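Undergrad: Take this structure first; my questions come after.
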Amino acid sequence: MKEHDFDIPAIVAALRTKPQPVVGVLGDFCLDKYLYRDTALDEISVETGLVAWQIRDKKTWSGAAGTIAANLCALGARVMCFGYCGEDGEGFDLLAALKRMDADTTGMIVSPDMLTNTYMKPMVREHDRWIEMNRLDIRNAHPANSNLVEQVATQLEKQLPRLAALVVCDQFTFEAGSILNESMRQRLPRWSQACPDLPILVDSRSNLEAYRDVIVKGNAGEILACCRRLQSQEKKTVVADDDAALRLPELIDAGTQLALRNRKDVLVTRGEKGAILFKTKIQPDEYQGVSPGPQIEAIEIPPFPVEPPIDICGAGDATNAGFAFARAIGLTPEQSALVAGAVSSITIRQLGMTGTASVSQLCNLFEQLQGSSS
């Protein structure tokens, strides 16, 4: 694995130009709904005899694909959202949250046949900080219908020429409630071929093997599980693989194989260990004028140490946003991977909320990094 010598001043200079690239976000938009409980006011229900939790404040943010959109907006991108929400109160709140951050919601289709996917998070205050309790998930029991998928795809295809990058968020383990069914996935290689200069980044918890001809990103456990499924058709499950980030030989083999298969870059995040970028180089044959196949270079992306307490919820989405934004403003894949890690390190310090990072915070972090190494 190769160590890369990053030109930090060049990265900071690119960020400080305050570009406003147009970045699309396609996928599973959810509502993050935080409910703040005051335990001192809890009551016993007269009807049931059970404790009735007393909520005295609530906050809503866009989640999943919406978290990516929020981070992109905070970085200064002009964001176009492509997905759906239900014709319900949660859908109203989700669209309001997206519009609040000036995201373009023209590509968000409101469907009376679907629920708005929602993560409802009761919060309780302990030792002067908010702690998340058991989450309540509102999820659809059936896949999005073909007409809904077609409407979203049509909206996106109209806007493809405007986009400097596209991020795809495949949030759910199974297709129930997801806009990313097989029909939508099959469009991505066509879009990639039609727009060869458009970086298309896909993040999927459990379907990475279903994507071809696009950049894929996953954490160490997701990448290893993806390659196991490719080799043995392993059943899709969501199981913690706590030591995956430490199994470096396996990761290098898996990332290399996935990059060879897709002929596109692969980004593997390793938490406090940083990340690995598998950079794909396709060089024409000197004599035949054809590409013999991609050459893969594994590049180590250093971590940004963060002291606890932290909240890693949304860290992957922040990584996606940072990488896509950096690619959209013209940074190299390895520079973009470093920016992605920096964005994530800033967001996980923000507790009890869906965190974001700004360009000024990024520049400060990079300048501190440069100062400490000089």
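Undergrad: Taking only DSSP H segments of four or more residues, each worth -39500 (n - 2.57), what value at 222 nm results for the chain once the sum is divided by all its residues, to the nearest 500 deg cm²/dmol?
TA: Numbers: 10 runs with 131 residues, N = 374.
It lands at -11000 deg cm²/dmol.
Undergrad: Do any chymotrypsin sites (Phe, Trp or Tyr not before Pro) in the range 131-232 lie in a DSSP loop with no more than 15 other beta carbon atoms within 10 Å, and if so, which? Before the final figure, lay out the partial values.
TA: Working: sites: Phe172, Phe174, Trp191, Tyr211; in loops: Phe172, Phe174, Tyr211.
Passing sites in the range 131-232 are Phe174.
Undergrad: Using a 1.4 Å probe on the protein heavy atoms, what percent of the accessible area of the chain belongs to carbon and sulfur?
TA: Numbers: 8580 of 17310 Å².
Ligands and nucleic acids excluded, carbon and sulfur reach 50 percent.
Undergrad: Could you work out the relative contact order of the chain? I mean the mean sequence separation of Cα pairs under 8 Å and 6+ apart, divided by the number of residues, in percent.
TA: Working: 808 pairs, mean separation 65.4, N = 374.
Once normalised by length, the contact order is 17 percent.
Undergrad: Another question, if that's okay. What is the antiparallel percent of DSSP beta bridges lying wholly in the chain, to the nearest 5?
TA: Roughly 45 percent of the beta bridges in the chain run antiparallel, per DSSP.
Undergrad: Show which aspartates and glutamates lie in cross-link reach of Lys58 when reach means a straight Cα distance below 15 angstrom and same-chain residues fewer than eight apart are skipped.
TA: Excluding near neighbours in sequence, the set is Asp32, Asp38, Glu90, Asp93, Glu132.
Undergrad: In whole Å, largest first, what are the principal axis extents of the Cα atoms in the chain?
TA: Its Cα atoms span 84, 54, 43 Å along the three principal axes.
Undergrad: In degrees from 0 to 90, rounded to the nearest 10, what is the angle of the helix 333-347 Cα long axis to the longest principal axis of the chain?
TA: 20 degrees
Undergrad: To continue, here is another question. Go through the range 1-79 and name the trypsin sites (Lys or Arg not before Pro) that are in a DSSP coil and have 16 or fewer other Cβ atoms within 10 Å of their Cβ.
TA: Details: sites: Lys2, Arg16, Lys33, Arg37, Arg56, Lys58, Lys59, Arg78; in loops: none.
Qualifying residues, ordered by number: none.
Undergrad: Leaving out ligands and nucleic acids, and using a 1.4 Å probe, what accessible area per residue does the range 143-255 come to in Å²? Please report the intermediate quantities before stating the final value.
TA: Values: 5050 Å² over 113 residues.
For the range 143-255, the solvent-accessible area averages 45 Å² per residue.
Undergrad: Going down the list Lys2/Lys217; Lys18/Lys99; Lys33/Lys264; Lys99/Lys121; Lys158/Lys264, which pairs span over 27 Å between their C-alpha atoms? Don't skip to the end; give the middle numbers.
TA: Values: Lys2/Lys217 19 Å; Lys18/Lys99 21 Å; Lys33/Lys264 36 Å; Lys99/Lys121 22 Å; Lys158/Lys264 24 Å.
Check vs 27 Å cut-off fails for Lys33/Lys264.
Undergrad: Averaged per residue, what accessible surface does the range 72-142 expose to a 1.4 Å probe, in Å²? Could the numbers behind the result be given before it?
TA: On the way: 3540 Å² over 71 residues.
Per residue, the range 72-142 has 50 Å² of solvent-accessible surface.
Undergrad: Enter the angle in degrees (range 0 to 90, nearest 10) between the Cα long axis of helix 182-194 and the first principal axis of the Cα atoms of the chain, meaning the one along which they spread out most.
TA: On a 0 to 90 degree scale, this one is about 40.
Undergrad: Counting other Cβ atoms within 10 Å of each Cβ, which chymotrypsin sites (Phe, Trp or Tyr not before Pro) in the range 26-125 have at most 16 and sit in a DSSP loop?
TA: On the way: sites: Phe29, Tyr34, Tyr36, Trp53, Trp61, Phe82, Tyr84, Phe92, Tyr119; in loops: Trp53.
Counting only loop positions with at most 16 other Cβ atoms within 10 Å, the chymotrypsin sites (Phe, Trp or Tyr not before Pro) in the range 26-125 are Trp53.
Undergrad: Let me ask something else. What does the charge count near Pro112 come to, summing +1 for each Lys or Arg and -1 for each Asp or Glu among other residues with Cβ under 10 Å from its Cβ? If you can, show how the numbers build up before the last one.
TA: Working: positive: none; negative: Glu87, Asp88, Asp113.
Value of the local net charge: -3.
The values are calculated or read from the model by the stated rules, or taken from the named source; none is laboratory data. Because the structure is predicted, anything quoted here is derived from the model rather than measured. Every residue, glycine as well, gets a Cβ built from its backbone with ideal geometry; the counts of neighbours run over all protein chains shown. Please note that ligands, DNA and RNA were not included when accessible areas were found on the heavy atoms of the full protein model with its side chains. Shrake-Rupley method; radii C 1.70, N 1.55, O 1.52, S 1.80 Å.
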